[in-house]
Amino acid sequence: MATSYQNSRGERPFAPTANYCKNNNLQHHRPIAVDLFAGAGGMTLGFEQAGFDVLAAVELDPIHASVHEYNFPFWTTICRSVSQTSAQEIREQSAIGDRDLDVVFGGPPCQGFSLMGKRDLSDARNSLVFDFLRLVLDLQPKYFVLENVRGMTIGKQRQVLETVIKEFEQHGYQVKNPQVLNAANYGVPQNRQRLFLIGCRRGLTLPKYPEAKTSFAQKSPCQTQLKKDLCLPNVPTVAEAIGDLPEVNHYPELKLRDWVVANYGQPSDYASKLRTPALVTNNYAYKREYPAELLTCSRRTNHTAQTMMRFAQTVPGKSDRISHFHRLDLAGICTTLRAGTASNRGAFTSPRPIHPVTPRCITVREAARLHSYPDWFMFHATKWHGFRQIGNSVPPLLAQAIAQEIIKALELLPIKPQQQFNLVPTELLQFKMTQAEQYHHLETRAIARRSIVKPIV
């Protein structure tokens, strides 16, 4: 039976609990966490799946914050810039109170460190890394996890990383050397590299970075690592990720809305876990009600006949000669899904992959599958927002692998919670920016108004 919840503005949301075993002594709480720069909630979900209660999440963009609140209604979503948020506010506005935090995690906006363009050490967004540092030191969690692009390890940008590490070490934390992890090594059908930095209070057990769980075809500078990967199961393919999803072109309703009751195909093992995640053995997330026959986040893109002809002629694994969109290969994995730029930085729409079978761009739901989001997880009804929310996020399975190492260091044995939740209201997924700002009681514009620059197709 689903649990009802009350999430009125100004009230503390319900903070669910579940049992844990530690050294054979029953503990009546789950470890608790805070997500900074939460976005739609990729890392929140990954840590929840590992067994954490992420009692507070901070997100500047009111559209993203609304989507986060929809998917995690039993915890607190704070819509505010991390730079304007204090540790005291996070504690007081959530169910954390004066409790000892187990982990704070987050990925400060990383465009200033990105390898995609010119790296700019003076980029104002780079200062948010130091706001992450400030809040960790003020909140004093047992552990922290910093996530960013691998460009943070290159050239002058490494100065920022080294400064952050030094500050942590001077304030009572020990830090694991940063490591770049590829999501494809953790069951995600996408070639996506991210930098992680893990630390803990001095005197606690420093977690390890997770060992690879899946392998994929790649050039390896280390022959030993290559041989080791050959012993691992293959990462799921594009076909295994999206092959069971209904073909959206068969549903004219999807030209006008983003959902439809549809007929699914036979799922792969990977797809089955995303369709019914509650049945996955090592998934310790709270259950969400979700109709099995419902296809969501699947509004169609209107392509011209000329564009569809070009897409049809594009060989899987290659790129369209005009748009440079990459066409997915059923037997391969997805290239890195990117977010494009925010509305205050041009609102450029990032290139979206071409479907491997049908001459069209993939849908938001197909992108979510390629990013390891379960089917119950919802994104904004507008495709531009939905793709940005996915492209900006850490794949949940990668975040879960990191979180599992924190669980091990805490010496906890997670137990599945029994509560089940019905996610409402869907209005949170349809807000325009002004509506989202009003809902979160923002007095000034959080994000400059968008003026979308579409890619050439």
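The values are calculated or read from the model by the stated rules, or taken from the named source; none is laboratory data. This structure is a prediction, so every number in the text was calculated from the model and none was measured. For neighbour counting, all protein chains shown are included, and Cβ atoms are generated from backbone atoms with ideal geometry for every residue, glycine included.
For the reader, a short list of remarks on this structure follows.
- Scan of the stretch 59-83 for residues that are touching a residue at least 40 places away in the same chain (Cβ under 8 Å), in a strand (DSSP E or B) and of a type in the set (A, V, I, L, M, F, W, C), ordered by number: Cys79
- When Ile402 is tested against (1) outside the structural domain of Leu206 (by TED's automatic domain parsing); (2) in contact (Cβ under 8 Å) with a residue 40 or more places away in the chain, just one condition goes unmet, and that condition is (1).
- Checked against the criterion of being of a type in the set (S, T, N, Q), at pLDDT 95 or above and within 24 Å of Leu206 (Cβ to Cβ), the candidates Gln49, Gln88 yield just one match: Gln49.
- Residue in the stretch 28-42 that is over 16 Å from the mean Cα position of the chain (by Cα), modelled with pLDDT under 95, closer than 24 Å to Ala278 by Cα and surrounded by fewer than 24 Cβ atoms within 10 Å (Cβ to Cβ) present: yes
- The condition of being within 30 Å of Glu211 (Cα to Cα), buried (at least 18 other Cβ atoms within 10 Å of the Cβ) and either among the hydrophobic types (A, V, I, L, M, F, W, C) or outside the structural domain of His385 (by TED's automatic domain parsing) (or both) does not hold for Ala278.
- When the stretch 98-128 is limited to residues that are closer than 15 Å to Thr85 by Cβ and part of a helix (DSSP H, G or I), the one that is modelled with the highest pLDDT turns out to be Leu128.
- Residue list for the stretch 265-305, restricted to those being in a loop (DSSP other than H, G, I, E, B), in contact with a Pro (Cβ under 9 Å, 6 or more places away or on another chain), farther than 24 Å from Pro351 by Cα and among the small types (Gly, Ala, Ser): Gly265, Ser268, Ala285
- Some residue of the stretch 150-165 being buried (at least 18 other Cβ atoms within 10 Å of the Cβ), within 21 Å of Leu36 (Cβ to Cβ), without any contact (Cβ under 8 Å) to a residue 40 or more places away in the chain and out of contact with any Gly (no Cβ under 9 Å at 6 or more places or on another chain): yes
- Filter result (more than 22 Å from Leu398 (Cβ to Cβ), outside any helix (DSSP H, G or I) and of a type outside the set (Gly, Ala, Ser)) within the stretch 149-164: Lys156
- Qualifying residue in the stretch 281-302 (condition: touching an Asp or Glu at 6+ places or on another chain (Cβ under 7 Å), among the aliphatic types (A, V, I, L, M) and either at pLDDT 95 or above or loosely packed, with under 15 Cβ neighbours inside 10 Å (or both)): yes
- The stretch 414-427 residues that are under 16 Å from Pro291 (Cα atoms), paired with ones that are among the charged types (D, E, K, R) and surrounded by 15 or more Cβ atoms within 10 Å (Cβ to Cβ) (beta carbon under 9 Å, 6 or more apart): Gln420/Lys287; Gln420/Arg288; Phe421/Lys287; Phe421/Arg288; Asn422/Arg288; Leu423/Arg288
- Subset of the stretch 214-258 [at pLDDT 95 or above, surrounded by 13 or more Cβ atoms within 10 Å (Cβ to Cβ) and part of a helix (DSSP H, G or I)]: Val238, Ala239, Glu240, Ala241, Ile242, Val248, Asn249, Glu253, Leu254
- Residue within the stretch 306-315 that is of a type in the set (Ser, Thr, Tyr) and either under 19 Å from the mean Cα position of the chain (by Cα) or in a strand (DSSP E or B) (or both) present: no
- Only one of the listed residues (Phe377, Phe387) is more than 20 Å from Leu256 (Cα to Cα) and surrounded by 24 or more Cβ atoms within 10 Å (Cβ to Cβ). That residue is Phe377.
- Residue within the stretch 316-329 that is assigned to a helix (DSSP H, G or I), closer than 25 Å to Lys255 by Cα and at pLDDT 95 or above present: no
- For beta carbons closer than 7 Å, sequence separation of 6+ or different chains, a first residue in the stretch 329-342 that is polar (S, T, N, Q) and a second that is modelled with pLDDT of 95 or more, the qualifying pairs are Thr335/Asn191; Thr335/His326; Thr335/Pro353; Thr336/Gln190; Thr336/Asn191; Thr336/Arg192.
- Some residue of the stretch 408-417 being under 23 Å from Pro246 (Cβ atoms), outside any loop (DSSP other than H, G, I, E, B), modelled with pLDDT of 95 or more and assigned by TED's automatic domain parsing to the domain that holds Gly46: no
- Contact map, the stretch 196-211: residues that are of a type in the set (Asp, Glu) paired with residues that are not in a loop (DSSP other than H, G, I, E, B), Cβ distance under 9 Å, separation 6+ or inter-chain. Pairs shown: Glu211/Asn185; Glu211/Ala401.
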